[in-house]
């Protein structure tokens, strides 16, 4: 039975780092910037007694959803890193068994 397994550790690590950097250096700062702009607007140029607080609360929910999604991106990166580490550990373990049996 032929195996369809291929691992390029450097590429996996590159993509993992890309995901983490995108989340930390692009998505989070942009979300923070957008939230600050919305907060300012709802307190000054789009201010209603009842609607503005409702909009603020709704935007808070959106921000939380985006924050959760950003964390999920970082979680995927960590899963990829764990796969690489597990494969390296497995390779080392097999090599040690081979050496000790010969």
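The values are calculated or read from the model by the stated rules, or taken from the named source; none is laboratory data. These figures come from a predicted structure and were not determined experimentally. Every residue, glycine among them, receives a Cβ derived from its backbone with ideal geometry; neighbour counts consider all protein chains shown.
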> Quick check: anything in the stretch 35-57 surrounded by 11 or more Cβ atoms within 10 Å (Cβ to Cβ), touching a residue at least 12 places away in the same chain (Cβ under 8 Å) and under 25 Å from residue 80 (Cβ atoms)?
Replying inline: no
> Looking only at the stretch 58-81, which residues are over 14 Å from the mean Cα position of the chain (by Cα) and surrounded by 12 or more Cβ atoms within 10 Å (Cβ to Cβ)?
Replying inline: 59, 60, 62, 63
>> Taking the criterion of being in a loop (DSSP other than H, G, I, E, B), surrounded by fewer than 12 Cβ atoms within 10 Å (Cβ to Cβ) and either at positive phi or modelled with pLDDT under 95 (or both), would at least one residue in the stretch 82-91 satisfy it?
In response: no
> Conditions: (1) in contact with a helix residue (DSSP H, G or I) (Cβ under 9 Å, 6 or more places away or on another chain); (2) without any contact (Cβ under 8 Å) to a residue 60 or more places away in the chain; (3) closer than 30 Å to residue 83 by Cβ; (4) not in a helix (DSSP H, G or I). Residue 7 meets all but one. Number of the miss?
Replying inline: (2)
